[in-house]
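J.: Next up is a structure, given as structure tokens.
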Amino acid sequence: MTDGPRQDGAPKGPAGATVEDVVLQANTAFYNAFEAGDLDLMAAVWLPEPDPVCIHPGNAAISGYAEMMRAWAMIFANTPYIQFFLTDVQVRVDGDVAYVTCTENVLSSGEGAPEDGFAGGKALSTNVFRRTSSGWRLWIHHASPVLSSGGPQEEAE
């Protein structure tokens with residue numbers, strides 16, 4: 001089925017899903033690949049050209065498909081467990097470009113986690129997708145750490 005207007009005027013995707021739904025599915029595929037530590041799945045999520053960009057919390061930007069895949073291989077080799085709980089998910093589609101913003105609530109083990117335990121963290125993420133002939137592909141991922149809870153006490157200071 002091709003994307004086109006529904007009777008209510010909103011665009012539709014496969015099986016009547018909205019374009020926003022399809023972009024959210026692409027976003028979910030990214031986090032599923034990350035949680036699985038599967039380089040093949042991760043490679044299938046990303047747009048190889050033009051140069052994709054990935055910025056992990058507290059790190060420099062990684063530009064270019066080959067460099068990024070090397071970085072993912074290193075992350076997967078050093079992360080025995082990671083799980084994401086996404087909140088505050090918002091999607092916006094503008095033609096052949098879309099973005100998803102969300103809060104990544106992360107549970108992980110490995111470097112930085114207590115021995116025989118898990119570490120938790122939170123990041124704000126923006127994932128930018130481009131529509132291709134084979135579907136929506138991730139073009140830019142930028143996650144920034146949340147350094148505070150932003151509660152009423154901190155807001156008053």
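J.: Which is assigned to a strand (DSSP E or B), modelled with pLDDT under 85, over 19 Å from Pro52 (Cβ atoms) and not aromatic (Phe, Trp, Tyr), of Gly150, Gly120?
T.: One residue alone meets the criteria, Gly120.
J.: For the stretch 47-66, how many residues meet the condition of being within 27 Å of Leu147 (Cβ to Cβ) and exposed (fewer than 15 other Cβ atoms within 10 Å of the Cβ)?
T.: Qualifying residue count, the stretch 47-66: 5.
J.: Next question. Give just the number: which of (1) surrounded by 19 or more Cβ atoms within 10 Å (Cβ to Cβ); (2) modelled with pLDDT under 95 does Asn27 not satisfy?
T.: (2)
J.: If you check Thr103 against the conditions, is it under 17 Å from Glu35 (Cβ atoms), at pLDDT below 95, open to solvent by less than 80 Å² (accessible area, probe 1.4 Å) and hydroxyl-bearing (Ser, Thr, Tyr)?
T.: no
J.: If you go through the stretch 46-61, how many residues are farther than 23 Å from Leu107 by Cα and not in a loop (DSSP other than H, G, I, E, B)?
T.: Here the count works out to 2.
J.: Which residues, counting only those in the stretch 75-90, are part of a strand (DSSP E or B) and aromatic (Phe, Trp, Tyr)?
T.: Once the filter is applied, which keeps residues that are part of a strand (DSSP E or B) and aromatic (Phe, Trp, Tyr), the stretch 75-90 yields Tyr81, Phe84, Phe85.
J.: Yes or no: Ala98 farther than 23 Å from Pro145 by Cβ and either modelled with pLDDT under 95 or not aromatic (Phe, Trp, Tyr) (or both)?
T.: Yes.
J.: Here's a check for you: in the stretch 70-105, which residue that is touching a residue at least 40 places away in the same chain (Cβ under 8 Å) and among the polar types (S, T, N, Q) is farthest from Gln25 (Cα to Cα)?
T.: Only one residue fits best here, namely Thr79.
J.: Answer yes if at least one residue in the stretch 123-132 is more than 16 Å from the chain's Cα centre (by Cα), at pLDDT 95 or above and surrounded by fewer than 15 Cβ atoms within 10 Å (Cβ to Cβ), and no otherwise.
T.: Looking through the stretch 123-132, at least one residue is more than 16 Å from the chain's Cα centre (by Cα), at pLDDT 95 or above and surrounded by fewer than 15 Cβ atoms within 10 Å (Cβ to Cβ).
J.: May I ask you to list the residues in the stretch 76-86 that are open to solvent by 40 Å² or more (accessible area, probe 1.4 Å) and either within 16 Å of the chain's Cα centre (by Cα) or of a type outside the set (S, T, N, Q) (or both)?
T.: Across the stretch 76-86, the qualifying residues are Ala77, Pro80, Tyr81, Gln83, Phe85, Leu86.
J.: Additional query: Quickly run through the stretch 35-47 and pick out the residues that are of a type outside the set (Gly, Ala, Ser), in contact with a helix residue (DSSP H, G or I) (Cβ under 7 Å, 6 or more places away or on another chain) and touching a residue at least 40 places away in the same chain (Cβ under 8 Å).
T.: Of everything in the stretch 35-47, those that are of a type outside the set (Gly, Ala, Ser), in contact with a helix residue (DSSP H, G or I) (Cβ under 7 Å, 6 or more places away or on another chain) and touching a residue at least 40 places away in the same chain (Cβ under 8 Å) turn out to be Val45, Trp46.
J.: Exactly one of these conditions fails for Val89: (1) open to solvent by 40 Å² or more (accessible area, probe 1.4 Å); (2) modelled with pLDDT under 95. Give me its number.
T.: Condition not satisfied by Val89: (2).
The values are calculated or read from the model by the stated rules, or taken from the named source; none is laboratory data. Predicted model, so just to flag it, every value in this text is computed and none were measured. Positions of Cβ are generated from backbone atoms using ideal geometry, with glycine treated the same way; all protein chains shown enter the neighbour counts. These area figures cover heavy atoms from the full protein model, side chains too; ligands, DNA and RNA do not enter into them. Shrake-Rupley method; radii C 1.70, N 1.55, O 1.52, S 1.80 Å.
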